[in-house]
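Undergrad: If you scroll down you'll find the structure; I have some questions about it.
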Amino acid sequence: MSETYFNEMFEGGGVRPPYQGLEAWARDMPVDLRGMKQHEAEQLFRRIGITFAVYGEGGSPDRLIPFDMFPRVFAAQEWARLERGIKQRAMALNAFLADVYNRGEIVRAGRIPAHLVYQNDAYEVAVCGFTPPGGVFSHIVGIDLVRTGPDQFYVLEDNCRTPSGVSYMLENREIMMRMFPQLFRENRIAPVETYPGLLKRTLGSVAPKKCEGEPRVVILTPGHFNSAYYEHSFLADMMGVELVEGQDLFVEGDFVWMKTTEGPKRVDVIYRRLDDPFIDPICFRPDSMLGIAGLMNVYRSGGVSIASAPGAGVADDKAIYTYVPDMVRFYLGEEPILENVPTWQCAKPDECKYVLENLAELVVKEVHGSGGYGMLVGPRATKGEVELFAAKIREAPENYIAQPTLALSTCPTFVEEGVAPRHVDLRPYCLVGRDVNLVPGGLTRVALKEGSLVVNSSQGGGVKDTWVMAQ
């Protein structure tokens, strides 16, 4: 594994242009002031209630996500390329979904194996033959990106169901502006606070044809025990829409209704933050207490829109991920702007053989895994862990993919001894409705442990504000 990492602030003995406005700020900040500001940030996060849940570890499940005050910065031209690539990918993923739930032309053309699509756990037969308003299946697409050099960006994975973390993107910015207003006066930083308005407009643009007047949008949450409940309530507040649970909605006739103190009110768009199996006990899991009985019948008859659509998860499966560049070529007739990380599919005997022979040098992931769990980072693993994972792969090779251990870029990060480089990734949020929109920024996650490549908050990672310099 390469130990040479691209430092996003320093290059060739000097400070890269995007970071020049931060060098003196970081250098001249007294240690006691930095400590005071860090404490202030933590108190603000705690007061606002920005916690996340880790279950199964005992004690209180609510934890504060560590916040690093040193922002990550992109030049305007760097972001322009990323924006084009992210929008291109989101459009191709939506074209794929609209296709495989109808004629399946990409499968017929032999570009993607049929079994990866139609035997996928995330493929919902209940949606076959149905096209949502505007042909949009995934309305909020979170694209996880890593950087390895000045111009080298790779897509690590796609999130087409209910990508989380956007509340941290917005709150990181709010807290940085409150603590360091002079930085925002001295640097021209593109705003991200337009996101809630853009999200509401995007959801309204995909209202069903039966909608009369201004679309009524609601956010459907599993409830306050969910790990992302803070985000659900935060977005409802920011958008000025109702946050509802399944028990607050009911089906009558051809529509979905919301119970209110003024009587039932019709709902046109449901931004759901619960998984497919739970949204309708008649169509999916009969034991679900979280969904709305009969919702899918109303959805298929055009009485309500669901964002993102049931079945959208088939597009972000890690086995499907390897074919996204082919989707871009097939549906858009373009070359992909953003590259995938080279990936070996253990379901293919030749590739599985290579993976098993080189396991100590690779990162192996479960096809359906998330959150940094169910994975092996070969160069950081013990011999016993490698052998255990090899046995898992031999037992069910189709459940795993493998990738090289990338030399992830680093960003300056405040640590106890001062400022030190730490590895980062980025999740921008692409909104797809009548138009395709992307706010200039995203959620930067940082691996706070020295040498660690795992940025997930559940695995000890933190977050940073992400700046895009305005032109």
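The values are calculated or read from the model by the stated rules, or taken from the named source; none is laboratory data. Quick caveat: nothing in here was measured; it's all calculated off a predicted structure. Cβ placement follows ideal geometry from the backbone for every residue including glycine, while neighbour counts extend to all protein chains displayed. Side chains included, ligands, DNA and RNA excluded: accessible areas come from the protein's heavy atoms. Shrake-Rupley method; radii C 1.70, N 1.55, O 1.52, S 1.80 Å.
Undergrad: Which value results for Rg/Rh of the range 313-381 when Rg is the Cα radius of gyration and Rh the Kirkwood radius based on the inverse mean 1/r? Working shown, then result.
TA: Working: Rg = 13.8 Å, Rh = 13.5 Å.
Expressed as Rg/Rh, it is 1.02.
Undergrad: Okay, next question. Rolling a 1.4 Å sphere over the protein heavy atoms, what is the accessible area per residue of the range 349-442, to the nearest Å²? Could the numbers behind the result be given before it?
TA: Details: 4220 Å² over 94 residues.
So the range 349-442 comes to 45 Å² accessible per residue, rounded to a whole number.
Undergrad: On a 1.4 Å probe surface of the protein chains, which of Leu249, Leu64, Leu290 comes out largest in accessible area, and what is the full order?
TA: Working: Leu249 10, Leu64 35, Leu290 60 Å².
Heavy-atom accessible area, descending, gives Leu290, Leu64, Leu249.
Undergrad: I need to check one value: relative contact order of the range 225-351, counting alpha carbon pairs closer than 8 Å and at least 6 residues apart, in percent. Intermediate values should be presented prior to the final figure.
TA: Details: 130 pairs, mean separation 21.3, N = 127.
RCO, the range 225-351: 17 percent.
Undergrad: Please sort by residue number the chymotrypsin sites (Phe, Trp or Tyr not before Pro) in the range 136-242 whose DSSP state is loop and whose Cβ has at most 14 other Cβ atoms within 10 Å. Walk me through the numbers on the way to the answer.
TA: Values: sites: Phe137, Phe153, Tyr154, Tyr168, Phe184, Phe225, Tyr229, Tyr230, Phe234; in loops: Phe137, Phe225.
Those satisfying the criteria are Phe225.
Undergrad: Any chance you could look up the accessible area of Cys128 with a 1.4 Å probe, heavy atoms only, rounded to 10 Å²?
TA: Roll a 1.4 Å probe over it and Cys128 shows about 60 Å².
Undergrad: At 1.4 Å probe size, what's the solvent-accessible area of Lys265? Round to the nearest 10 Å².
TA: Approximately 60 Å² of Lys265 is accessible to the 1.4 Å probe.
Undergrad: Turning to a different aspect of this structure: Between Gln38 and Arg108, what length in nm is gained on full extension when 0.36 nm per residue of separation is reduced by their alpha carbon distance?
TA: Working: separation 70, 0.36 × 70 = 25.20 nm, distance 5.58 nm.
Full-extension gain reported as 19.6 nm.
Undergrad: With a cut-off of at most 15 other beta carbons within 10 Å, and DSSP calling the residue loop, which trypsin sites (Lys or Arg not before Pro) in the range 130-232 qualify? Please list them.
TA: Counting only loop positions with at most 15 other Cβ atoms within 10 Å, the trypsin sites (Lys or Arg not before Pro) in the range 130-232 are Arg188, Lys209, Lys210.
Undergrad: Just the number, please: carbon plus sulfur as a percent of the accessible area of the chain, 1.4 Å probe, no ligands or DNA/RNA counted.
TA: Reported share for carbon and sulfur atoms: 50 percent.
Undergrad: If you count the DSSP beta bridges with both ends in the chain, what percent of them are antiparallel, to the nearest 5? All intermediate terms of the calculation are to be shown ahead of the outcome.
TA: Working: 49 of 67 bridges.
Close to 75 percent.
Undergrad: Give the ranking of Leu426, Leu243 by solvent-accessible surface, highest area first, calculated with a 1.4 Å probe.
TA: Details: Leu426 5, Leu243 50 Å².
Largest accessible area first, the list is Leu243, Leu426.
Undergrad: Here is a follow-up. If amide hydrogens are placed 1.01 Å from N in the peptide plane, which non-local residues have theirs closer than 5 Å to the one on Leu362?
TA: Hits under the 5 Å cutoff: Gly378.
Undergrad: Let me ask another. Would you work out if the range 167-238 is rounded, prolate or oblate? Take a ≥ b ≥ c from the square roots of the eigenvalues of the alpha-carbon gyration tensor; rounded if a/c is under 1.5, else prolate when a/b is larger than b/c, oblate otherwise. Write down the numbers at each step before the final one.
TA: Numbers: a/c = 4.27, a/b = 1.63, b/c = 2.61.
The shape class here is oblate.
Undergrad: Go through the cysteines of the chain and tell me which have no other cysteine Cβ under 4.7 Å away.
TA: Cys128, Cys160, Cys211, Cys283, Cys411, Cys430
Undergrad: Need one value: the accessible area of His224 in square angstrom, 1.4 angstrom probe, rounded to the nearest 10.
TA: 120
Undergrad: Taking amide hydrogens as modeled 1.01 Å from N in the peptide plane, which residues meet the under 5 Å criterion relative to Thr410, leaving out close sequence neighbours?
TA: Phe6, Asn7, Glu8
Undergrad: Then there's this: Just the Cα atoms of the chain: what Rg and Dmax do they give in Å?
TA: That works out to 22.5, 69 Å for Rg and Dmax.
Undergrad: Can I ask one more? In units of 2.2 N^0.38 Å, what is the alpha-carbon radius of gyration of the range 184-304?
TA: 1.17
Undergrad: Roughly how far apart, in whole Å, are the Cα centres of the range 335-359 and the range 171-245?
TA: 37
Undergrad: Now a separate question. Just grab the label-to-label distance for Arg329 and Ala80, each label 7 Å out from Cα along the Cβ direction, in nm (one decimal).
TA: With each label placed 7 Å out from Cα toward Cβ, I get 2.8 nm.
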